[in-house]
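Notes for the one structure printed next.
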Amino acid sequence: HTLPAFSSLFSSGNRRWGLLFQDPQTQAGLTMAAKSYLAAMLDGSCPRCRQGKVYAYPLQHFSKRHEMNRDCPVCGQHYEVEPGLFWGAMYVSYAFSVAISVIFGFGTFFLFNDPDVWVYLTIVISALIFFSPLSLRYSRIIMLYLFSGIKFDKKKFG
């Protein structure tokens, strides 16, 4: 069994949440429903066509979940548009790590009424290890969407 993707909640096919993240034209039924920007990013789809997957394997595939497709399987867009593009993902991943540390640190403080330091370290380090695959994956996707210069092609895929 494979688990449904978290981002499937936000896809355009989901009536409950999909309307929150669609263009107004799509909501009115004027165009064919393409994935919204946020839904495509959460789903790990190609920023150009919003259909092909950036990663070759799902997150549940333990040994190969970090392997990216070199090109989009749908539109053929090459993902690493310049050498070293994904080195910047280290900074995004660092921001994720700081956010996770702060959230779990404050959560530990409030839930356990300021426990010993070893409790903080155990909980925060465990959370960082647990969320590291998501951090790696989404830091690269954010770099691809925000800093690669690849834009959604409405004429061809919209």
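The values are calculated or read from the model by the stated rules, or taken from the named source; none is laboratory data. Since this is a predicted model, take the numbers as computed values, not measurements. Quick reminder, even Gly has a Cβ in these numbers, built from the backbone with ideal geometry, and neighbours come from all protein chains shown. Note: areas computed on protein heavy atoms with side chains; ligands, DNA, RNA excluded. Shrake-Rupley method; radii C 1.70, N 1.55, O 1.52, S 1.80 Å.
Near S36, the amide H atoms lying under 5 Å from its own belong to S12; only residues 5 or more places off or on other chains count, and H is placed 1.01 Å from N.
Look at the dipole of region 101-158 built from charges on Cβ: of F112, L128, S139, the Cα furthest out on the positive end belongs to S139.
Only alpha carbons enter this Debye calculation for region 34-158, each as an equal point scatterer, and the log10 of I(q)/I(0) it gives at q = 0.15, 0.17, 0.23 Å⁻¹ is -0.74, -0.87, -1.29. Subtracting the Cα-Cα distance of E82 and Q60 from their residue separation scaled by 0.36 nm leaves 5.0 nm. Whole-Hz Karplus values for region 79-87 come out as 6, 8, 6, 9, x, x, 4, 7, 5 Hz, taken residue by residue from phi with 6.51 cos²θ - 1.76 cosθ + 1.60 and θ = phi - 60°; glycine and proline positions read x. Judged by the mean number of other Cβ atoms found within 10 Å, the most tightly packed of the peptides 50-59, 113-122 leads the ranking 50-59, 113-122.
Once backbone amide H atoms are built at 1.01 Å from N, C75 has G52 as its partners under 5 Å, excluding neighbours fewer than 5 places away on the same chain. Summed over the residues of region 96-158 and divided among them, the accessible surface reaches 67 Å² per residue at a probe radius of 1.4 Å.
Distance between the modelled labels on F130 and Y37, one decimal in nanometres: 3.2 nm (7 Å Cα→Cβ projection).
Dipole size of region 39-158 about its Cα centre, with +1 on Lys/Arg Cβ and -1 on Asp/Glu Cβ: approximately 700 debye, rounded to the nearest 20.
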